[in-house]
Amino acid sequence: MNLDRLDIAWLVLIGLALATIALPPLMPRPLLGNALLLALAALKGRRIALDFMDLRAAPAHWRGLVSAWILIVLLLAWLASAVVGLI
Amino acid sequence: MIWVLIFSELVAFGLFLGAFVVARAIHPALFAAGQAALNLDLAGLNTVVLVTSGWVAARATKAARASERRASRRWLLGAMALGGLFIAIKLAEYAEEIGRGVGLETSPFFTLYFLLTGFHLLHVGLGIIILAVVCRRAETVGVETGAAFWHMVDLVWIVMFPVLYLVR
C-alpha cells in the first residue's frame, strides 16, 4: 500500500487530534498544558494549509496570511489564558 | 477570488475567537464552569470527522486534476456525507446541552459558544452546498474552489476546538 502526501497528512492530523483530546488530564499545569494544546493546533492548522489547501504551491502572500492568522489567533488565546493564570 | 473570500472569513472568525478569549480573561471562573459543561467526546469525534472530510476533499481535487471526474465526484460525495455527519453530531451536542437547561442567555460563555459554533456550523452547511454545486461537473477549477472553502471550514474548527473546549 503506497501512501502519498495527502494520506500521510491525514494520518498525522488524526494522530495530533487524538493527542489533543488525550492531553488535558495529563497536564496539571494549565500554562504549559495550554501552550502544548495550542502548539498542536498550530501544527494541525499548518498541515491543513500546506497539504490540503495546497498552499505550498500558492503565492507566498496567501501562505503567509493563512499562517499569520493561525499564529495570531492561537497566540492571543495562549496570552489571554496566561494573563489569567498569572493574576 | 476564492482566496479573498477565504481570508475575509478567517478574519471574521479570528475576531470572534479574539472576543471569546478576551471575555474569558475577564470572567475566568464563569468560562471554566461553562467549558466543564461541554461534551468533549462529541466535539473530539467531530474533529476526527472534519479532518477526514478534509482529506477526502483533497483526494477529490487530486482526482479532478488527473481528469478523473467520476472518481472526483465520488470523493466529493464522501466529503459532503462527512460534512452531514459533522452537522448531525453537532446538533446532537446542542440537543444534549439544551436538554440540560443550557441556552444562548445562560452566561456570556454560552452566548459566545453558541454564536461561534453556530456561525461555523452555517459554514459547514454552505460548504456542503458549494461541494454539491461543483460536484455536478467536477471540473478542476470548480473542485479546487469548493475544496479550498471546505479546507477553510476545517482549519477554523481545528483552531476553534482547543480554544473553546480545552484551553483552561
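One table, with the values for the structure above:
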| read-out | value |
| --- | --- |
| Accessible area in the full protein assembly, largest first, 1.4 Å probe, for B:Trp150, B:Trp55, B:Trp75 | B:Trp75, B:Trp55, B:Trp150 |
| Of B:Ala81, B:Ala25, B:Ala148, the one that fluctuates the most in a GNM where chain B has Cα springs shorter than 10 Å | B:Ala25 |
| Paramagnetic reach from A:Ile87 in region B:82-125 [backbone N under 18 Å; point 7 Å along Cα→Cβ] | B:108-110 |
| Helix B:108-135 axis, angle to chain B major axis (alpha carbon atoms, nearest 10°) | 10 degrees |
| B:Ala12-A:Leu11 FRET efficiency (beta carbon distance; Förster radius 35 Å; 0.05 resolution) | 0.65 |
| Degrees, to the nearest 10: A:30-47 long Cα axis against longest axis of chain A | 10 degrees |
| Cα convex hull of region A:5-85, projected area averaged across orientations, nm² | 5.5 nm² |
| Nearest-ten-degree value, helix B:40-65 long axis tilted from longest Cα axis of chain B | 20 degrees |
| Percentage of interatomic Cα-Cα distances in region B:1-76 larger than 13 Å | 78 percent |
| Where labels lie 7 Å past Cα in the beta-carbon direction, separation of A:Ile72 and B:Arg137 in nm | 3.5 nm |
| Long-range Cα-Cα pairs in region B:60-168 (distance over 23 Å), rounded percent | 37 percent |
| For chain B, calculated [θ]222 nm from helices alone, where every DSSP H run of n ≥ 4 adds -39500 (n - 2.57) | -29500 deg cm²/dmol |
| P(r), alpha carbons of the protein assembly as shown - 5 Å bins starting at zero, rounded % | 1, 6, 14, 18, 20, 17, 11, 7, 4, 2, 0, 0 |
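The values are calculated or read from the model by the stated rules, or taken from the named source; none is laboratory data. Bear in mind that the values here come from a model prediction, so they are computed numbers and not experimental data. Every residue, glycine as well, gets a Cβ built from its backbone with ideal geometry; the counts of neighbours run over all protein chains shown. Heads up: the accessible areas ignore ligands, DNA and RNA and are worked out on the full protein's heavy atoms, side chains in. Shrake-Rupley method; radii C 1.70, N 1.55, O 1.52, S 1.80 Å.
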